[in-house]
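Heads up: the structure comes next, in structure tokens.
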Amino acid sequence: MPKKNIGQVDVSGKRVLMRVDFNVPLKNGEVTDDLRIRMAVPSIKSVLDRGGRLVLMSHLGRPSGAGFESEFSLEPCAKRLSELLGKPVKFPSHDCIDGSSAAAANMLQNGEVLLLENLRCHKAEQKGDAGFAAKVSAMGDIYCNDAFGTCHRADASMVAVPKAMGGKPRLCGFLVEKEIKYLSDALANPKRPFVVVLGGAKVSDKLPAIEFLLPKADAIIIGGAMAYTFLKAQGKGVGSSRVEEDKLGDAKRILDLAASLKKTLHLPSDHVCAEKFEEGSAPKNATGDIPAGLMGLDIGPATRAAFGAVLRSAKTVVWNGPMGVFEWANFSEGTKSVANALVDATKAGAITIVGGGDSAAAAEEFGIADKLSHVSTGGGASLEMLSGHAFESVALLDEA
Ligand code: 3PG
Ligand code: MG
């Protein structure tokens, strides 16, 4: 069911309580990657330009929940947002539900915006506590969810707060709308061939997605450390590569499922290895079995070419997870080659979607993010969608 968006209601003179995901990386009190803040700006501007009074709320990181901790303060995000908007962003208090926060929300004028302190400084946020939600919800006349990266969480601000605001408008923001549309269209009605690329460290994180996607996709490409669990399950030598021994049975089951569905599951045929898990380790290529004493840290040249050919002929691609340790130059070529193949596929008319997290960071680092159809701001949230799970935080919003 499509949801009503923030642009479809009159916000003039109203306090709009908007949940955003400003869980961004910080260094020395500065935001080092503002993608999530920039992506929330269209919803924010839409409210302010139409005379709304905007109360923004977010979490940042995983504080203990026992009160204010300066390293988890959202204050640097208020500063960055203020630069992006070219207007002040009030930051009334280091406690999101104290008297100063509530008073500031009530004193906002039309076109003004404030940001509350990190919701997770209260344990009640992640517990979904109703008393906490009542205090937060009292700060808004309209609720808006534009926190795509947090949509898979049942935190108070995502579920209990909008529940407490039943009867008032509860809307999705433009970012949530766009992210969900890209991923659900790709899953419901993909232009074919539809190819899914999965990577990253752990098979266990990606198992539900592989099982959900195998029947839908024309092919699944698996790289990254998770590939070694599959290779070992096939009886291949993986040396000292990272393997999840307790997932070998699941890997076998998936290999059998792919065979019974007649779907191709592409695994690496060669590898860039090292003796130690260290940035400066000398890279050594291995084809087929990885010898004892070596661990695979990236896909090898033949695999890059094979994966690249599959991706370049695809019409829809969803990518979640790097092919190797892309942060280290010696082991970054595999991830770079997938990124470049996606750029070529996009140029040739394919829809290409990067599912947030490390692969989005890689796309940014390689400078190709704007050459793809869509780069998600939510790694965990997009993986949930790729596993076929619906979001309670979105289901409860008003229908269009
Ligand atoms: C994220 O970056 O994964 C989201 O902001 C959600 O944060 P969480 O994983 O700590 O719940
Ligand atoms: Mg997360």
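The values are calculated or read from the model by the stated rules, or taken from the named source; none is laboratory data. Keep in mind that this is a model prediction, so the values were computed, not measured. Every residue, glycine as well, gets a Cβ built from its backbone with ideal geometry; the counts of neighbours run over all protein chains shown. For the accessible areas, the whole protein counts, side chains as well, though only heavy atoms, and no ligand, DNA or RNA atoms are used. Shrake-Rupley method; radii C 1.70, N 1.55, O 1.52, S 1.80 Å.
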> Residues of the range 262-275 being surrounded by 13 or more Cβ atoms within 10 Å (Cβ to Cβ) and either at pLDDT 95 or above or basic (K, R) (or both), which ones?
Replying inline: K263, L265, H266, L267, P268, S269, D270, H271, V272, C273, A274, E275
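Which of the residues belonging to the range 115-131 are open to solvent by 10 Å² or more (accessible area, probe 1.4 Å), touching a His at 6+ places or on another chain (Cβ under 9 Å) and either part of a helix (DSSP H, G or I) or at pLDDT below 95 (or both)?
Those that are open to solvent by 10 Å² or more (accessible area, probe 1.4 Å), touching a His at 6+ places or on another chain (Cβ under 9 Å) and either part of a helix (DSSP H, G or I) or at pLDDT below 95 (or both): R120, Q126.
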> In the set S64, S12, which member is within 16 Å of ligand 1 (Cβ to nearest atom) and part of a loop (DSSP other than H, G, I, E, B)?
Replying inline: S64
> Counting only residues that are within 16 Å of ligand 1 (Cβ to nearest atom) and assigned to a loop (DSSP other than H, G, I, E, B), which one in the range 42-61 is surrounded by the fewest Cβ atoms within 10 Å (Cβ to Cβ)?
Replying inline: G61
> Looking only at helices (runs of 4 or more DSSP H) that fall completely inside the range 339-400, which ones have 3 or more residues that are under 17 Å from the mean Cα position of the chain (by Cα), among the hydrophobic types (A, V, I, L, M, F, W, C) and within 16 Å of ligand 2 (Cβ to nearest atom)?
Replying inline: 379-386
>> Of the conditions (1) touching a Ser or Thr at 6+ places or on another chain (Cβ under 9 Å); (2) open to solvent by 20 Å² or more (accessible area, probe 1.4 Å), F22 satisfies every one except a single condition; which number is it?
In response: (2)
>> With the requirement that a residue be part of a loop (DSSP other than H, G, I, E, B) and polar (S, T, N, Q), what does the range 223-266 give you?
In response: Q234, S240, S241
> Looking at the range 390-400, which of its residues are open to solvent by 40 Å² or more (accessible area, probe 1.4 Å) and in contact with a helix residue (DSSP H, G or I) (Cβ under 8 Å, 6 or more places away or on another chain)?
Replying inline: A400
>> Please go through the range 357-376 and give me each residue that is more than 15 Å from ligand 1 (Cβ to nearest atom), among the charged types (D, E, K, R) and buried (at least 18 other Cβ atoms within 10 Å of the Cβ), ordered by number.
In response: none
>> When you scan the range 212-220, do you find a residue that is assigned to a helix (DSSP H, G or I) and either open to solvent by 30 Å² or more (accessible area, probe 1.4 Å) or not polar (S, T, N, Q) (or both), even just one?
In response: yes
>> Being away from ligand 1 (no atom under 16 Å from the Cβ), open to solvent by 10 Å² or more (accessible area, probe 1.4 Å) and of a type outside the set (A, V, I, L, M, F, W, C) is the filter here; which residues of the range 138-163 pass it?
In response: D141, K163
